[in-house]
Amino acid sequence: MRIPVITGWIDRRILVNYRVDPEVMARHLPEPFQPQLVEGYGVAGVCLIRLRDVRPKALPCTPGIGSENAAHRFAVKWRENGHERSGVYIPRRDTDSVLNHLAGGRIFPGVHHLADFTTSESDPHYSVTLLSRDGDTRMTISGTVDDALPEGSIFPNVAAASEFFEKGSLGYSPAGRDCCYDGLELRTLNWSVRPLQVEKAESSFFQTFPEGSIELDHALLMKDIEHEWHDAGSMK
């Protein structure tokens, strides 16, 4: 069953991005996905997103809902109908919404694990911590808004990083069925990012990677973004 177009606002979105040894990254990707490279590195990360006023687009008078969510993801490419496509593969989704948890992998694309989120946001400083209720995933990020990417980033400037992640709008994640991945496309009606000077970033998911194979590259902040979610179907 395909979901209707969902609309709402991205209240806050933090993208924590890592550069990864592509051979190591490839071990975490199922077929048909392959690492999408930037300056010879794979790109992985965590999207920490708070949504507000989310509702079916066809029901404009329906009260919207809000939620905190996290997605561990890899920038990937794959072949489809003879053409190369790009997007993100999302092996793990977490949410504080019981509705998202119950519907994920059944009605809404992708399995969503329940998690508790702690946030502290006083511009220009932002901090988000999540702990999944199954104890499997922990993540924390804290930082202060800055004007530029850190020295040594694989992206030459903020504009280049912004363009790369804006293009990665199509994501696939494990469904509630074997050998199947649910697709979901994010369409933003406006797009603006600011870099964060990271003070602390830890993810239990990426701590399992071999030492030296993954390094923090940078983090980006988005706020007050009107958006839509479109069902992209399933991939087997």
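The values are calculated or read from the model by the stated rules, or taken from the named source; none is laboratory data. Quick caveat, the model's predicted, so the values are computed rather than measured. Note that each Cβ is placed from the backbone with ideal geometry, even for glycine, and that neighbours are counted across all protein chains shown. All accessible areas refer to the heavy atoms of the entire protein, side chains included, with ligands and DNA or RNA removed. Shrake-Rupley method; radii C 1.70, N 1.55, O 1.52, S 1.80 Å.
Relative contact order, percent, of the chain when contacts are C-alpha pairs under 8 Å separated by at least 6 residues? Don't skip to the end; give the middle numbers.
Numbers: 586 pairs, mean separation 56.9, N = 236.
Relative contact order of the chain: 24 percent.
Principal axes first, then extents: for the Cα atoms of the range 189-236, list largest minus smallest coordinate on each axis, whole Å, largest first.
Principal extents (largest minus smallest coordinate, Cα): 38, 37, 14 Å.
Taking every pair of alpha-carbon atoms in the range 70-206, give the share separated by more than 22 Å as a whole percent.
Values: 4642 of 9316 pairs.
Every Cα pair in the range 70-206 considered, those over 22 Å come to 50 percent.
With an 8 Å Cα cut-off and a minimum separation of 6 or more residues, compute the relative contact order for the range 109-236 in percent. Write out the running numbers ahead of the final one.
Numbers: 237 pairs, mean separation 35.9, N = 128.
Relative CO of the range 109-236 lands at 28 percent.
Quick one: how many lysine pairs in the chain have C-alpha atoms under 21 angstrom apart, if they're 8 or more apart or on different chains? Can you show the working numbers first?
Numbers: Lys57/Lys223; Lys77/Lys167; Lys77/Lys236; Lys167/Lys223; Lys200/Lys223.
Summing the qualifying lysine pairs gives 5.
Tell me the per residue accessible area of the chain using a 1.4 Å probe; a whole number in Å² is fine. Kindly include the intermediate steps, with their values, before the conclusion.
Working: 11520 Å² over 236 residues.
Accessible surface, normalised per residue, equals 49 Å².
Tell me, what does the Kirkwood hydrodynamic radius of the chain come to in angstroms if you use every pair of distinct C-alpha atoms?
On the way: mean 1/r = 0.0555 Å⁻¹.
Result for the chain stands at 18.0 Å.
Taking the Cα centre of the range 11-120 as origin and charging only Cβ (+1 Lys, Arg; -1 Asp, Glu), how large is the dipole, in debye to the nearest 20? Don't skip to the answer; put the middle values down first.
Numbers: 15 positive and 12 negative charges, 59 e Å.
Roughly 280 debye for the range 11-120.
For Tyr172, Tyr181, what's the largest-to-smallest order of accessible area, 1.4 Å probe? Could the numbers behind the result be given before it?
Working: Tyr172 10, Tyr181 35 Å².
Output order, biggest surface exposure first: Tyr181, Tyr172.
With contacts defined as alpha carbon pairs under 8 Å and 6 or more residues apart, what's the relative contact order of the range 13-72 in percent?
Values: 86 pairs, mean separation 20.2, N = 60.
Answer for the range 13-72 is 34 percent.
As a check on your grasp of the helix formula, calculate [θ] at 222 nm for the chain: sum -39500 (n - 2.57) over DSSP H runs of n ≥ 4, divide by the residue count, round to the nearest 500.
Values: 3 runs with 21 residues, N = 236.
Per the formula, -2000 deg cm²/dmol.
Is the shape of the range 1-58 best called rounded, prolate or oblate, per the rule: a/c under 1.5 gives rounded, else a/b larger than b/c gives prolate, else oblate, with a ≥ b ≥ c the square roots of the Cα gyration tensor eigenvalues? The partial results should precede the final answer.
Working: a/c = 3.90, a/b = 1.87, b/c = 2.09.
Oblate, because a/c is 1.5 or more while a/b does not exceed b/c.
Quick one: putting +1 on the C-beta of Lys and Arg, -1 on the C-beta of Asp and Glu, what dipole do you get for the chain around its Cα centre, in Debye to the nearest 20? Walk me through the numbers on the way to the answer.
Details: 25 positive and 33 negative charges, 172 e Å.
That gives the chain a dipole magnitude of about 820 debye.
Would you mind telling me which residue in Asp134, Asp146, Asp182 has the biggest mean-square fluctuation in a Gaussian network model of the chain, where springs connect alpha carbons within a distance under 10 angstrom?
Asp134
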